[in-house]
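The values are calculated or read from the model by the stated rules, or taken from the named source; none is laboratory data. Computed from a predicted structure; not experimentally measured. Note: ideal-geometry Cβ built from the backbone for every residue, glycine included; neighbour counts use all protein chains shown. Only protein heavy atoms, including side chains, enter the accessible area calculation; ligands, DNA and RNA are left aside. Shrake-Rupley method; radii C 1.70, N 1.55, O 1.52, S 1.80 Å.
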Amino acid sequence: MDDIDQFFQNSHYNIIRVLLGITGLWPFYSRKRRYAMYLLLILLLGSGFIFQILGIIEVWDDSYELINAIPMLFYTLVALSKIISTMYTLPQIKILLIKMQEYCLSPKSDEETKIYNSHAEYGRKFGCAYTGFLLGHSVLYVLTSLSAKIFYTEFNKTDELSDKVPNSQIGLPHRANYIVDINTYYVPIFIHAGMCDFISTFIITVFDVLYLTVIEYCCGLFAALRYRLEIALEFNNNKLTMSKDKSYSNVVYSIRRHTESIQFVAIVESIYSLSLSIQMGLVILILSLLLYQVLNDIGNIDRILKPIAYLNGALFNVFFENWQGQKVIDSSEKVFDSAYNTEWYNMPIAARKLLIMLMMKSKTPLMLRLSKMVVLSYITFNTVLRTSSSYFMLLRSL
């Protein structure tokens, strides 16, 4: 365990070791340490979720406030589903991390190592930027709620606003019923509610950065594989090619790497399929409700800032998930082109036969499917937007 922990600490993948470690999801920690951190997260998010449910029950007969409260409840549900899914699939995550270490330490040509490292470095930089963006967005959202409390005065109230916005809920990141008087205990309640929202965002960030990292690893595998195929006739390395026929050895090596890539993508799909299915379903409702909120509150600066901040984050997140799925499709389908463009006509018969097998296997690109049905891609992102718009128009008509 110490060896693999040291490897990730000294590699481009240190960001996922840090993020998974903070949440207790680093699979190489002791079981007691992980369970203690699980309990802390579940207690905090669970208590916040219960108070949100009580807050929704409180306004169940008010459709206006109900629509405003539901998106943040769904957001907490997304975070809970992701952390529970990650706990359940931790053995598969451990397998992925071990495979990443094995490939990094395996013998490769200098050019393949350079290609692999470039993708790993890109994943590290983008992961840091993504973490900063989402967490910064979360802090902005919480501070926006606090500013509404600070700048709210009797002068800004109108009769219409007084009916729709109870004073007690002004300044909270989301609607909640803490049973006690919120004005009296505003500070501890705000701290708890803000922590729940921030931790929910942090969990989603950890989940997505791991997703980004393994996808970039897959893209690096396919890029290095394409390089080996394109120069299969000329490439020669005594450490990697044991046969006298270098082209045959290179094709065999490429088939083995392609098989490993297929297995890796299959494990990634098994980890993310269920949780992303839940997220995509809830995001459709979240976007439609947020659009409705923005339209209704367009003239109220006190209320429009929060839904706009949430809407921007939700749109970016759903695009991010589908973008990574599209990258797997694009990277894997290029393997067929590289195999076809190599000088196969100058290879021996045995190498040609193996190359045909590889081309047949790579003709259909690999895809990440949600619940074995929906493919993560730009098309799915477009479908989510169109479906959300349809629900939004339905809400407007009602």
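Out of all the residues in the stretch 339-354, is one or more of a type in the set (S, T, N, Q) and either within 18 Å of the chain's Cα centre (by Cα) or under 30 Å from Ile286 (Cβ atoms) (or both)? Break it down into steps so the answer makes sense when it comes.
The first filter runs over the stretch 339-354 and keeps only residues of a type in the set (S, T, N, Q), leaving 341-342, 346.
Narrowing the set further to residues that are either within 18 Å of the chain's Cα centre (by Cα) or under 30 Å from Ile286 (Cβ atoms) (or both) leaves none.
Scanning the stretch 339-354, I find no residue that is of a type in the set (S, T, N, Q) and either within 18 Å of the chain's Cα centre (by Cα) or under 30 Å from Ile286 (Cβ atoms) (or both), so the answer is no.
Please go through the stretch 11-38 and give me each residue that is in contact with a Pro (Cβ under 9 Å, 6 or more places away or on another chain) and either closer than 20 Å to Leu212 by Cβ or open to solvent by less than 10 Å² (accessible area, probe 1.4 Å) (or both), ordered by number.
Leu20, Pro27
Please enumerate the residues belonging to the stretch 96-112 that are free of Cβ contacts under 8 Å to residues at least 40 places away in the same chain and of a type in the set (S, T, N, Q).
The one that is free of Cβ contacts under 8 Å to residues at least 40 places away in the same chain and of a type in the set (S, T, N, Q): Ser106.
Condition first: in a loop (DSSP other than H, G, I, E, B) and closer than 28 Å to Ser273 by Cβ. Now tell me which residues in the stretch 340-398 satisfy that.
Lys363, Thr364, Pro365, Leu366, Met367, Leu368, Ser371, Lys372, Met373, Leu376, Ser377
Can you confirm whether Leu73 is part of a helix (DSSP H, G or I), open to solvent by 30 Å² or more (accessible area, probe 1.4 Å) and not charged (D, E, K, R)? Spell out the reasoning first.
Values: part of a helix (DSSP H, G or I): yes; open to solvent by 30 Å² or more (accessible area, probe 1.4 Å): no; not charged (D, E, K, R): yes.
No.
Against the definition (out of contact with any Asp or Glu (no Cβ under 7 Å at 6 or more places or on another chain) and either touching a residue at least 12 places away in the same chain (Cβ under 8 Å) or of a type in the set (Gly, Ala, Ser) (or both)), how does Tyr64 come out, yes or no?
Against the criterion (out of contact with any Asp or Glu (no Cβ under 7 Å at 6 or more places or on another chain) and either touching a residue at least 12 places away in the same chain (Cβ under 8 Å) or of a type in the set (Gly, Ala, Ser) (or both)), Tyr64 qualifies.
Return a yes/no flag: does the stretch 300-313 have any residue that is surrounded by fewer than 20 Cβ atoms within 10 Å (Cβ to Cβ) and farther than 20 Å from His174 by Cβ.
No, the stretch 300-313 has no match at all.
Give the number of residues within the stretch 50-61 that are in contact (Cβ under 8 Å) with a residue 60 or more places away in the chain and open to solvent by 30 Å² or more (accessible area, probe 1.4 Å).
Quick first cut of the stretch 50-61, residues in contact (Cβ under 8 Å) with a residue 60 or more places away in the chain only: 51-52, 54-59.
Among the residues that remain, those that are also open to solvent by 30 Å² or more (accessible area, probe 1.4 Å) are: 51, 54, 57-58.
Within the stretch 50-61, residues that are in contact (Cβ under 8 Å) with a residue 60 or more places away in the chain and open to solvent by 30 Å² or more (accessible area, probe 1.4 Å) number 4.
Within the stretch 323-334, can one find any residue that is hydroxyl-bearing (Ser, Thr, Tyr), over 22 Å from Ser377 (Cβ atoms) and either modelled with pLDDT of 85 or more or in contact with a strand residue (DSSP E or B) (Cβ under 9 Å, 6 or more places away or on another chain) (or both)?
Scanning the stretch 323-334, I find no residue that is hydroxyl-bearing (Ser, Thr, Tyr), over 22 Å from Ser377 (Cβ atoms) and either modelled with pLDDT of 85 or more or in contact with a strand residue (DSSP E or B) (Cβ under 9 Å, 6 or more places away or on another chain) (or both), so the answer is no.
Exactly one condition in (1) open to solvent by 60 Å² or more (accessible area, probe 1.4 Å); (2) at pLDDT 80 or above; (3) farther than 24 Å from Leu172 by Cα is not met by Trp344; state its number.
Going through the list (1) open to solvent by 60 Å² or more (accessible area, probe 1.4 Å); (2) at pLDDT 80 or above; (3) farther than 24 Å from Leu172 by Cα, Trp344 breaks only (2).
Anything in the stretch 57-89 that is under 29 Å from Phe7 (Cβ atoms) and under 16 Å from the mean Cα position of the chain (by Cα)? List them, or say none. Even if it seems obvious, please write down each step before you answer.
To start, the set of residues in the stretch 57-89 that are under 29 Å from Phe7 (Cβ atoms) comprises 82-89.
Result: Lys82, Ile83, Ile84, Ser85, Thr86, Met87, Thr89.
Are any residues in the stretch 1-56 under 24 Å from the mean Cα position of the chain (by Cα), part of a loop (DSSP other than H, G, I, E, B) and not hydroxyl-bearing (Ser, Thr, Tyr), and if so, which ones?
Asn10, His12, Gly24, Leu25, Trp26, Pro27, Phe28
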